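The values are calculated or read from the model by the stated rules, or taken from the named source; none is laboratory data. Here the structure is a predicted model, which is why all the values come from computation and not from measurement. Positions of Cβ are generated from backbone atoms using ideal geometry, with glycine treated the same way; all protein chains shown enter the neighbour counts. Note: accessible area is taken over every heavy atom of the protein model, side chains too, but ligands, DNA and RNA are not part of it. Shrake-Rupley method; radii C 1.70, N 1.55, O 1.52, S 1.80 Å.
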Amino acid sequence: MADLIFGCTGASADRYAATPTLSFQLTITERTGVRVHAIALRCQIRIEPHRRRYSAAEAERLHDLFGDPSRWADTVKPIQLATVTTMVPTFTAVTETELPVPCTYDLEVASARYLQGLDDGTIPLLLLFSGTVFVATEEGFSVELVPWSAEASYRMPVAVWRELVDAHFPGSAWLRCSRDTLDALAGYKARHALPTWDATLAALLAAAQGGEPTPAPGHEGEKGAAPR
C-alpha cells in the first residue's frame, strides 16, 4: 500500500493562461518504495484568514466579510479558494508536479474580496488532497485511495496574487451589477456624453458628494460633459 506525503513548495502566476491561473508546485513523497503508476488527484484549497495579522487599512476593507474586528474571533472562518483536479504521472519515491488553479476576480466572490483587501505579507492556505492512486504490482495494478488526512500548508505571498491580477487586468477591477442598473448607467453616460464607465462612476460619485468629478487614472486627457 502506498504511503504518500504531500507538500507545497511554491506558487506563481501563469502569465500565459487564457484566464487568471495560479500554478502551485507540489512535492509528493512515497515512503514504502512501491512504484506509483499514476494518481488521479483532487485538491481543495482553502484560505485560512485567522492565521495572519492585518493592518488597520486591511481590517477596514475586510469589514464586509468579517464585520468589526472585535468580533473576528467568531466571524473569521476559512474561505474556499478552489477545488481542482490533475493527473500525476508515474514515479518512485519522490516526484514534483504542477497544480494549475483557475481563479476568479469577481469581487462578489468571498475569496476574491478577501485577496483584494490585502496589502502585503502572505496568504495562509490549506491544501486538502483526495483521489485515486494506481500502484504497479507484479500482478498488474492495484487501486487505492488517497487518505483523507493528506494535506499541506503553504503561505503564498500576496505579491503573487497581485502579479496574477495585474497580468490579466492591469490597473483595473471588475464589478457586477444587474441589467437594470447597467441600463440606467448607460443612459446617464449617454445623456452627459461621458467617454468611459470610469468617468461615469466618477461623475456620479462627485455629484453625490457635491463636488466636481475626478478623472479616472489613464483618462485624464478625455473630456466629457459634467453632470447637470
Does residue 39 satisfy the criteria of being more than 21 Å from residue 121 (Cα to Cα) and either among the β-branched types (Val, Ile, Thr) or touching a strand residue (DSSP E or B) at 6+ places or on another chain (Cβ under 7 Å) (or both)?
yes
Restricting region 1-41 to residues that are assigned to a strand (DSSP E or B) and under 19 Å from residue 104 (Cα atoms), the one most open to solvent (accessible area, probe 1.4 Å) turns out to be 12
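Considering region 154-189 alone, what residues qualify as being hydroxyl-bearing (Ser, Thr, Tyr), within 23 Å of residue 58 (Cα to Cα) and modelled with pLDDT of 90 or more?
Hit for region 154-189 is 154, nothing else.
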Might you check whether a residue that is surrounded by 15 or more Cβ atoms within 10 Å (Cβ to Cβ) and among the acidic types (Asp, Glu) occurs anywhere in region 149-161?
yes
Of (1) over 30 Å from residue 2 (Cβ atoms); (2) open to solvent by less than 70 Å² (accessible area, probe 1.4 Å); (3) charged (D, E, K, R); (4) over 22 Å from the mean Cα position of the chain (by Cα), residue 74 fails just (2)
Restricting attention to region 210-228, does a residue exist that is over 29 Å from residue 103 (Cβ atoms), modelled with pLDDT of 85 or more and in contact with a Pro (Cβ under 6 Å, 6 or more places away or on another chain)?
no
May I ask you to verify whether residue 84 is more than 23 Å from the chain's Cα centre (by Cα) and either in contact (Cβ under 8 Å) with a residue 24 or more places away in the chain or open to solvent by less than 80 Å² (accessible area, probe 1.4 Å) (or both)?
no
With the structure loaded, tell me whether residue 131 is open to solvent by 50 Å² or more (accessible area, probe 1.4 Å) and at positive phi or whether it fails that test.
no
